[in-house]
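Okay, structure first, notes after.
The values are calculated or read from the model by the stated rules, or taken from the named source; none is laboratory data. Keep in mind the model is a prediction, meaning the values are calculated, not measured. Every residue, glycine as well, gets a Cβ built from its backbone with ideal geometry; the counts of neighbours run over all protein chains shown. Note: areas computed on protein heavy atoms with side chains; ligands, DNA, RNA excluded. Shrake-Rupley method; radii C 1.70, N 1.55, O 1.52, S 1.80 Å.
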Amino acid sequence: MQYYSTNKQSSKVDFKQATLNGQAPDKGLYFPERIPILPKDFIENIISYSNEEIAYQVIKPYVGDAIPEEELRRIVSETIKFDIPLVKVTEAIYSLELYHGPTLAFKDIGARFMSRCLGYFVNHSAMLRADNKKVIVLVATSGDTGGAVANGFFDVDGVDVVILYPSGKVSSVQEKQLTTLGKNIHALEVNGTFDDCQQMVKQVFTDEELNKKLFLTSANSINVARWLPQQFYYFFAYKQWAQKNNPPVIAVPSGNFGNICAGILANISGLPVKHFIAACNANDIVPSFMQTEKYEPKKAVATISNAMDVGNPSNFVRILEIFQHQFINLKKVLSSCSITDAETKDTLQKVYKTEGYLLDPHGAVGYLALEQYLKNNPSEKGIVLETAHPVKFYDVVEPVIGEAVPIPIAVQQQLLLKKKSTKIAAEVDLLKEFLLSL
Ligand SMILES: *Cc1c(COP(=O)(O)O)cnc(C)c1O
């Protein structure tokens, strides 16, 4: 499989080079030159396949011969080594719990897959060894990416990880997850917003001087090795979906739009889905676009679903690419809405009190978006992707439900560890200095 850049200036590359580069040299995002179509009987008989086999079949065409079969099967099975249950909440709404991985959020899946692919490439690449450059994974996080990437890459041989996060704007559990590992994991606490962090990362990627000395790559959701494996659990959801003749509407709490873009890709490949809903918080760039057809990035505003506080969702261009920028076709598949913090809290409380099901703030945004959609489409049923464990946001959740959320033992232990971060101002030169000092 070859990948082209959405800016159409850079040359095409294979999966390995797309993973190593992260972003294309012309600052576009890599996109597969064709979307594979899965055999009909694979979809029809999905119940008879193991999750490992499903994931392997889904990713294989995207990887091509960049990774040998045996290695790829190992990477896939390590990636999905935890439960991804579809849990019934009401007659019409099911929750796909994506939070049973090591950092309690869906980003574990993309991060685990990418770290293992990169580890494989770094240790099997004559070119990289000959260059003798330090390999650094750079990532800006609005919350959950940092922890998942830190965990996924911890102790991976030959790779250093630098994580930028906005000071004071991530939850205490999130902060501990990305600042307490040490070794090859370095946390930069930036005095600014997530968009500042993302901007700094984007700038150093195109800095010629720096790229002569270091091999820089990204672990943000723009990297194909993080983005593409997110298709896996849409297939796992369908495998667990009882009414195969009435496919689900799927609501995805969205920030950078990597997750929902992977779902739409799976759908184009043959996975039955009725409709997608991109559920956003107050950062309503895409909901506005779906109304006006005008894409207007804004400064991100802080909300209680902070992993979705994104003012210029980087993966949205990939969704446009899937539909070849034909708005009419996009509109048939995707709706989008914006949910306030007050509505998020109400939903969290209501679903807990009436259904006994505890959502996290991101899942609550998705839940309400789905509920509103189903109100207008009463014959449909749907799935909300529950993207994080509620305990990750206990500071928001506990006052809303008036109860303590039991903290899993692994998280309790993490909270006791000492935070190790380097504070810096939101200036790209300071980031460059830090990278050169590693
Ligand atoms: C990252 C994240 C999101 C947003 O996912 P995108 O792929 O960026 O749209 C939603 N919920 C949680 C808990 C997250 O960590």
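Results, tabulated for the structure shown:
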{"read-out": "Cα centroid of region 331-408 to Cα centroid of region 151-187, whole Å", "value": "28"}
{"read-out": "Estimated inter-spin distance, Arg74 and Lys8, nm [label 7 Å along Cα→Cβ]", "value": "4.2"}
{"read-out": "Ranked by how many other beta carbons lie within 10 Å on average, peptides 325-336, 402-413, 144-155 from highest", "value": "144-155, 325-336, 402-413"}
{"read-out": "Rounded percent of accessible protein surface that carbon and sulfur make up, region 85-129, 1.4 Å probe", "value": "56"}
{"read-out": "Net charge over other residues, Cβ less than 12 angstrom from the Cβ of Leu228 (K, R count +1; D, E count -1)", "value": "+3"}
{"read-out": "Hypothetical label at Asn245: residues of region 260-274 whose amide nitrogen lies under 19 Å (7 Å Cα-Cβ projection)", "value": "272-274"}
{"read-out": "Principal axes of the chain: Cα extent on each, largest first, Å", "value": "60, 48, 43"}
{"read-out": "Dipole of the chain [Lys/Arg +1, Asp/Glu -1 at C-beta], most positive-end residue of Gly356, Val310, Ala55", "value": "Ala55"}
{"read-out": "Most positive-pole-ward Cα, Ser335, Gln240, Gly22, against dipole of the chain from beta carbon charges", "value": "Gly22"}
{"read-out": "Heavy atoms of Thr340: accessible area, 1.4 Å probe, square angstrom to 10", "value": "70"}
{"read-out": "Computed FRET value (nearest 0.05) for Gln413 with Ile268, which takes r as the C-beta separation and R₀ as 56 Å", "value": "0.85"}
{"read-out": "Positive-end residue, region 292-438 charge dipole about Cα centroid, Cβ charges, pick of Val365, Leu385, Gly402", "value": "Leu385"}
{"read-out": "Inter-label distance for Lys60 and Lys183, nm, one decimal - labels placed 7 Å from Cα along Cα-to-Cβ", "value": "3.3"}
{"read-out": "Debye, to nearest 20: dipole size of region 111-199, +1 on Lys, Arg Cβ, -1 on Asp, Glu Cβ", "value": "260"}
{"read-out": "The chain, relative contact order in percent, only Cα pairs under 8 angstrom and at least six apart counted", "value": "18"}
{"read-out": "Magnitude of the charge dipole, region 379-438, Cβ model with Lys/Arg +1 and Asp/Glu -1, debye to 20", "value": "300"}
{"read-out": "Solvent-accessible area, 1.4 Å probe, carbon plus sulfur percent, for region 1-70", "value": "45"}
{"read-out": "Pair Leu320, Asn376: separation of 7 Å Cα→Cβ label points (nm)", "value": "2.4"}
{"read-out": "Cβ-placed point charges (K, R +1; D, E -1), dipole of region 310-415 about Cα centre in debye, nearest 20", "value": "400"}
{"read-out": "Karplus 3J(HN,Hα) series, Hz, for region 375-391 with 6.51 cos²θ - 1.76 cosθ + 1.60 (x for Gly, Pro)", "value": "4, 8, 9, x, 7, 8, 10, x, 10, 9, 7, 8, 7, 8, 6, x, 5"}
{"read-out": "Net charge, Pro166 excluded, C-beta distance under 12 Å - Lys, Arg +1, Asp, Glu -1", "value": "-3"}
{"read-out": "Length added when fully stretched, Glu355-Asn211, from 0.36 nm per residue minus Cα-Cα", "value": "46.5 nm"}
{"read-out": "Accessible surface, the chain, averaged per residue in Å² (probe 1.4 Å)", "value": "39"}
{"read-out": "Max mean-square fluctuation residue, GNM over the chain, Cα-Cα springs under 10 Å, options His389, His124, His362", "value": "His124"}
{"read-out": "Percent accessible area from carbon and sulfur atoms, region 327-438, protein chains only, probe 1.4 Å", "value": "55"}
{"read-out": "Rounded to 5, percent antiparallel among DSSP beta bridges of the chain", "value": "15"}
{"read-out": "Kirkwood Rh and Cα Rg combined as Rg over Rh, evaluated for region 267-342", "value": "0.98"}
{"read-out": "Summed residue charge, Cβ within 12 Å of Thr19's Cβ, Lys/Arg positive, Asp/Glu negative", "value": "+2"}
{"read-out": "In region 1-93, GluC sites (Glu not before Pro) in a DSSP loop with at most 12 other beta-carbon atoms within 10 Å", "value": "Glu33, Glu91"}
{"read-out": "For region 361-435, alpha-carbon Rg and Dmax in angstrom", "value": "19.5, 58"}
